[in-house]
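Worksheet for the structure shown next.
Please treat every number below as a calculation from the coordinates, not as lab data. Computed from a prediction, not measured in an experiment: that's the story for all the values here. No Cβ is skipped: glycine too gets one built from the backbone with ideal geometry, and neighbour counts run over all protein chains shown.
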Number of protein chains: 2
Amino acid sequence: MTLKELGQRTKLASKILPTLSTELKQDILKNMASNIRLASEAIKVENQKDLDGANEKGLSSAMIDRLRLSDERIQAMAQSLEEVATLEDPVGAITEEYTRPNGLLVQRRRIPLGVIGVIYESRPNVTVEAASLCFFAGNGLILRGGSEAYHSNQFLVKLLKSALAERGVDDVINMVPTTDRSSVDELAKMNDVLDVIIPRGGEGLIRRIYEIATVPVIAHYKGNCHMFIDESAKLENAVPIAMNSKAQRPGVCNALETLLIHENIAEQFLPAFLSEADKQHVEIRGCAKTQTFSEKVVPVTQEDFDTEFLDLILAVKVVPGLPAAIDHIQTYTSDHTEVIVSEDKEHVETFTRALDSSAIIVNASTRFNDGGQLGLGAEIGISTTKLHSFGPMGLRELTTTKFVVTGNGQLRN
Amino acid sequence: MTLKELGQRTKLASKILPTLSTELKQDILKNMASNIRLASEAIKVENQKDLDGANEKGLSSAMIDRLRLSDERIQAMAQSLEEVATLEDPVGAITEEYTRPNGLLVQRRRIPLGVIGVIYESRPNVTVEAASLCFFAGNGLILRGGSEAYHSNQFLVKLLKSALAERGVDDVINMVPTTDRSSVDELAKMNDVLDVIIPRGGEGLIRRIYEIATVPVIAHYKGNCHMFIDESAKLENAVPIAMNSKAQRPGVCNALETLLIHENIAEQFLPAFLSEADKQHVEIRGCAKTQTFSEKVVPVTQEDFDTEFLDLILAVKVVPGLPAAIDHIQTYTSDHTEVIVSEDKEHVETFTRALDSSAIIVNASTRFNDGGQLGLGAEIGISTTKLHSFGPMGLRELTTTKFVVTGNGQLRN
């Protein structure tokens, strides 16, 4: 079957999805989970083929770790399917309703986006996560995984499709059968089938898809996250919030990368913070003022301010006040997450209004910009572009709305 | 100034817009309107230069008509600015608010998209319409009009900017100073400045921009609108609704193009409808069954079902029932507008759920799929792609939301 045929089949099959009841979709998700639990040994056999191939190719141990489906990860995949089944079904919700002067009743109703393409790299659990969210939100799904995870992905999709087949809708999820690079190019231009492409992977993949795609793309670039410690900050809050934001999991997009400190609080804040950072092995790259507080501080460069370290490294700068902090953030932001630690309501309001990143957080860790933490239930990614969805994307962000207009013979004149 | 510099200036200036008060934005809109009223004679002088050029080039009279700024059209532009000033300011609205178990208060707040590029063809009033909506929704705007309207557009932008300059924000609206084709190409790839491009013009322009753009594009393709007359339809409704949909203004996207009729009502409906269509000079291209009711009916082709006539021509087909009607529509739809005329609640619900076009209308004219008619106040276009906005786009559709998360020291663990 050609990719074009696969696309058409998926699109045709997906037409039925908006009319499926929530209960039916929940049953299918639970059956998918059960298929995965029952087949866990077989999954590991298929996964081992990929691991062997990865070892032969000499992939890095980090890459091989991402590829591995342990018992724990297999259980987590099954659980994620069951969890999505407990979330609110977004499809069909009436988001707005009003009557026009001529008596027309106008509603906006939530509908699926249509068919979603997910292009991803090495992690095979993305197969299951993407399938659960896209399916429950009523969308057809075309998956295109990485070549390293070929056997794992093919087998996982088979298990998912078997639960769909019991209800006669197996074609709503399909996996591209090859891992040729050309299949990415073809998907990126398949406007007659795909309503959106969501790439999951490194910056290289994402940039390439943006470059070639005529289908709309929602993606997540980088998280160059900032925090401003205002002069009114409570010290007992400020140090733990900054440390948690940097060090709790430094390799993720919502970790802190640059810390800005009001000069009036630098004398109190910096000694306590630098000592804690030292304990937790965080390298500090600081401005001249920051350097006066510790010999271990490395001079910071302009490039550092532009860098998503994804590591135990933090850029630090003392600023004369809130406007300078806002200026700095507006210059270097990647529109992901910005935090203010402050007890001054007016400053909090100014910061919150002036900056339009996907999450503005007041007196808490950057690490809360996450679908699960914000109560979205599950996320398919964090969008750093403003169109359609900005920030963590859950089920609702995989839908759109249509107008439903009910009259009794109204005409235009 | 290069286009790149113009873009950077617009982006920088637009940073202030989210913080402007509603009152200030309203004042600016009213001053823009007043500038246009006061300069109406000068506008006509500039417009005449474009009209002279168009005559020299031998443009069609339809094209020249679109270009012309009569007194009436100048007043209408001023009025549209004043009307936008009376609409609800979308920026800053809290669209959702809840508290997480850990005490974090989560809000979603409406924010501008950022900087919008509007690329359009001959109608100079688009300059003012786009400016009023984009500005009031807090967005920077880069306009790129057609070469035929060069003098009119430049002068209108000068009048708009003069009202912005009084408040020191004149750089939030800029016009590309040239009408080279290369400026469209450059805008289409200006991802560091533009958050979205909205093309306003013919299918050729739109397809070209989709093809080359790396910036997200929201556009409106064609409106191949359908109507299904169910067996339970009230005849006194069905004939006027179908005629109004086809003939009230046949050249627009929300005019009816294909009429589907339940075979059980064909005997009652078609004679009355065909007689009315004849009176209003509508050419009917019908199926074999339709042809039995009048000699004037031309045989319909598959291609007709795929055509947006934009003229007094209508494709007509008698179908065995609702499922066949839904099948036909799913095959030929352009996702714009579909109408059912029916008194059967179950059929209405089935039709409404099965079809995901931008507007599903029950017992009223297709012509109500329009921002003004649906109460959006004003529209910048009708999106036929599902991402971000589906259907008429008003002020709210020119915004997105960010998360604002307020805590008192919460950390991730």
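Points worth noting:
- Whether chain A is rounded, prolate or oblate, judged on the alpha carbon gyration tensor where a/c under 1.5 counts as rounded: oblate
- For residues of B:379-392, the mean tally of beta carbons on other chains within 10 Å: 4
- If a spin label sat at a point 7 angstrom from the Cα of B:Glu96 along the line to its beta carbon, the backbone N atoms of the range A:73-107 nearer than 18 Å would be those of A:84-97.
- B:Ile261 long-range amide H proximity, modeled H, under 5 Å: B:Ile229, B:Lys317, B:Val318, B:Val319
- Shape call, the range B:29-99: gyration tensor on alpha carbons, a/c limit 1.5: prolate
- Legend: mean number of C-beta atoms from other chains within 10 angstrom of residue C-beta atoms, peptide B:354-362, equals 6.
- Here the 3J(HN,Hα) profile of the range B:27-35, calculated from phi with Karplus coefficients 6.51, -1.76 and 1.60 at θ = phi - 60°, is 4, 4, 4, 5, 5, 4, 4, 5, 4 Hz, Gly and Pro shown as x.
- Axis-proximal residue, chain A, for the rotation superposing A on B (Cβ, Å): A:His388, 2
- A point 7 Å from Cα along Cα→Cβ stands in for B:Leu38, and the other copies hold the same point at 7.9 nm, listed in rising order.
- Interchain or long-range residues, amide H under 5 Å from B:Val196's placed H: B:Val115, B:Gly117
- A:Val298/A:Lys57 FRET efficiency (R0 30 Å; Cβ-Cβ; nearest 0.05): 0.25
- Each copy carries a label point for B:Asp278 at 7 Å from Cα toward Cβ; from one copy, the others' points are 9.9 nm away, ordered from shortest.
- In order through the range B:390-405: 3J(HN,Hα) via Karplus (6.51 cos²θ - 1.76 cosθ + 1.60), integer Hz, x for Gly, Pro: 10, x, x, 10, x, 4, 5, 6, 9, 10, 9, 10, 10, 7, 10, 10
- Bridge orientation summary for the protein assembly as shown: considering DSSP beta bridges with both residues in this region, about 25 percent are antiparallel.
- Label point 7 Å beyond Cα along the C-beta direction, distances from B:Thr19 to other copies (nm, shortest first): 5.4
- Close amide-amide hydrogen proximity is noted between B:Val300 and B:Gly286, B:Cys287, each under 5 Å apart and 5 or more residues distant or on a separate chain (H modeled in the peptide plane; Pro and chain starts excluded).
- Global form of the range A:225-368, assessed from the alpha-carbon gyration tensor, a/c cut-off 1.5: rounded
- Local electrostatic count, B:Val405, Cβ distance below 13 Å [Lys/Arg +1, Asp/Glu -1]: +2
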